[in-house]
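First the structure, in the form of structure tokens, and then the observations on it.
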């Protein structure tokens, strides 16, 4: 492959088009082998994958190649290697959620999102690392060890979908599925220099996604470009009888860049990072982006959504409350870990859970249990839910005055491994720019916005009203053309290229 | 609201988490600090906002109540820590005192 572009580095549309073309020698099997070789070479330095699934990927690739041979169309993801966050079920492949409590659990059925991606031709090469049950912003809360940032191995890739982010950023897979409850797709995408979208609540089925906070969780695409992410979201979107919260939304299709001239770009005062320690490079990058947008003819609209300032307190009531209820199912009876040290049933529950859950999961269960307990539920849970409604209305009003809101994604670039691990509140504050969109149920994507002087990626978010993903992709593509900001492959010290 | 070790023990019992004394000691100040931050919601102006944020469920969106395919019992039981003859096996509990 010397001197030629490795097919794994092609845009997804081109990669799939070549696999679909019977006259082109590129096959799904070749893409899968290339991806597996890269994982073998690079991943020991990163630990993005909890396991690879070579047999499954090879079988899926054989199916795709056979369909091409037979003159059929295997779909828009034909032969594209896919990483799947390990809180999303793949039938027959162990599912851990990066927790000890799931033991040797093997899901008897797969997630709808995964099935749809495979039906569109994707080949699953492995399950990616995460903060246990999606709870964290650094992937350090994995029971199986942290993932490292491909741009600086001493730094975190973000979280909780840090494994998926690092896998895509390092070029081991062109696409990965993540999940986002409070920023878990966008924050790692930002810290790892890639594109990630949290879709509108209800666009992608949650069937087969392990529940963390059901009213906030959403599966979404992670990719090197908006165009690639659009193809994956296009494949997995849509209503599903197995998830009653899926909604019929305008489909994400096609491709293309938006006309920036005349576009109303919202700048929300409460998203400003002025005065935030370490936030200078993000503020500078945002200033440059807004300037480029104005030069391209976009109109800047100054907005204020005061409740955005309180989104962390609201989120850290609502999400743990739902988590404490959802995680009640891990009791050592029907699946997963069971303590060997219990004589009676109540002790079996309590000991199993103490042994199986990590520190952050326990903290969130305790926060949620307290916020829902008799005497406190009105002061905490009900009040947080009322504030959530008001926040959501605040965004609805904001989108009467603008088309897209542009903000930073994270308050700082990637931080050092271990830097925040002993300070839960400091870790929660990493989510300060992301949680509001989950509370409001609206789509938001992270796109690259340049790099710091040290070469660390900087990300920015594009926010739109419910159902506006297609427009966000159009704006992202136009912005990338205007600013020149795009994914840049990292140089990974250990291991070579496949 | 002062979060002390006694309260942490009580919440842990409600959550069916048997924390070690060391864990209780470590978690109490963490929760205290988190709730100092979270308590800001008490001061928020939320007006007449309804705590039910989700849109009412569209009844047409619900599927017909028809029996569909179910999971194969063996594939489910295979994941159980203990099972016998199609049942999950748990320790005896009839003579346990259950506090609620």
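The values are calculated or read from the model by the stated rules, or taken from the named source; none is laboratory data. If you're wondering where the values come from, they're calculated on a predicted model, not measured in any experiment. Cβ: placed from backbone, ideal geometry, glycine included. Neighbour counts: every protein chain shown.
Yes or no: the stretch A:374-397 includes at least one residue that is away from chain B (no Cβ under 14 Å), touching a residue at least 24 places away in the same chain (Cβ under 8 Å) and in a helix (DSSP H, G or I). Within the stretch A:374-397 (the criterion being away from chain B (no Cβ under 14 Å), touching a residue at least 24 places away in the same chain (Cβ under 8 Å) and in a helix (DSSP H, G or I)), the answer is no, since none of the residues qualifies.
May I ask you to say which residue of A:287, A:356 is without any contact (Cβ under 8 Å) to a residue 40 or more places away in the chain and more than 7 Å from chain B (Cβ to nearest Cβ)?
A:287
Taken over the stretch A:325-346, residues that are within 7 Å of another protein chain (Cβ to nearest Cβ), over 14 Å from residue B:81 (Cα atoms) and part of a helix (DSSP H, G or I) amount to 1.
Kindly provide the set of residues from the stretch A:297-317 that are crowded, with 16+ Cβ neighbours inside 10 Å and within 10 Å of chain B (Cβ to nearest Cβ), ordered by number. Scanning the stretch A:297-317 gives A:307, A:309, A:310, A:312, A:313, A:314, A:315, A:316, A:317.
For the condition over 18 Å from residue A:277 (Cβ atoms) and more than 14 Å from every other protein chain (Cβ to nearest Cβ), residue A:435 does not qualify. Residue check: is residue A:329 surrounded by fewer than 23 Cβ atoms within 10 Å (Cβ to Cβ), in contact with a strand residue (DSSP E or B) (Cβ under 7 Å, 6 or more places away or on another chain), at pLDDT 95 or above and closer than 30 Å to residue B:94 by Cβ? Taking the combined requirement at face value, the residue does not satisfy it.
Between A:186, A:115, A:155, the distinction of being surrounded by 24 or more Cβ atoms within 10 Å (Cβ to Cβ) and farther than 15 Å from residue A:98 by Cβ belongs to A:186 only.
Here residue B:2 meets each of (1) touching a helix residue (DSSP H, G or I) at 6+ places or on another chain (Cβ under 7 Å); (2) modelled with pLDDT under 95; (3) within 25 Å of residue A:319 (Cβ to Cβ) with one exception, condition (1). Which residues, taken from the stretch B:29-48, are in a loop (DSSP other than H, G, I, E, B) and modelled with pLDDT of 80 or more? Passing the criteria: B:44, B:45, B:46. Could you list, in sequence order, the residues of the stretch A:412-464 that are part of a loop (DSSP other than H, G, I, E, B), touching a strand residue (DSSP E or B) at 6+ places or on another chain (Cβ under 8 Å) and more than 17 Å from residue A:152 (Cβ to Cβ)? Once the filter is applied, which keeps residues that are part of a loop (DSSP other than H, G, I, E, B), touching a strand residue (DSSP E or B) at 6+ places or on another chain (Cβ under 8 Å) and more than 17 Å from residue A:152 (Cβ to Cβ), the stretch A:412-464 yields A:433, A:434, A:442, A:443, A:464. Would you check if residue A:73 is more than 19 Å from residue A:203 (Cβ to Cβ) and buried (at least 21 other Cβ atoms within 10 Å of the Cβ)? So residue A:73 does not fit the description; no. In the stretch A:425-448, what residues are buried (at least 21 other Cβ atoms within 10 Å of the Cβ) and more than 19 Å from residue A:403 (Cα to Cα)? Matches in the stretch A:425-448: A:427, A:428, A:430, A:431, A:432, A:435, A:439, A:448. The lone criterion from (1) over 17 Å from residue A:179 (Cα atoms); (2) more than 14 Å from the chain's Cα centre (by Cα); (3) buried (at least 24 other Cβ atoms within 10 Å of the Cβ) left unmet by residue A:469 is number (1). Report yes if residue A:235 is in contact with a helix residue (DSSP H, G or I) (Cβ under 6 Å, 6 or more places away or on another chain), surrounded by 21 or more Cβ atoms within 10 Å (Cβ to Cβ) and within 29 Å of residue A:490 (Cβ to Cβ), otherwise no. Criteria met by residue A:235.
Test residue A:364 against the stated conditions and say whether it is crowded, with 21+ Cβ neighbours inside 10 Å and either in a helix (DSSP H, G or I) or within 8 Å of chain B (Cβ to nearest Cβ) (or both). Considered against the rule, which asks whether it is crowded, with 21+ Cβ neighbours inside 10 Å and either in a helix (DSSP H, G or I) or within 8 Å of chain B (Cβ to nearest Cβ) (or both), residue A:364 comes out as yes. Taking the criterion of being facing chain A (nearest Cβ under 7 Å) and closer than 17 Å to residue A:371 by Cβ, the residues of the stretch B:12-28 that qualify are B:12, B:14, B:15, B:16, B:17, B:27. Confirm whether residue A:102 is within 14 Å of another protein chain (Cβ to nearest Cβ) and crowded, with 24+ Cβ neighbours inside 10 Å. In short, yes.
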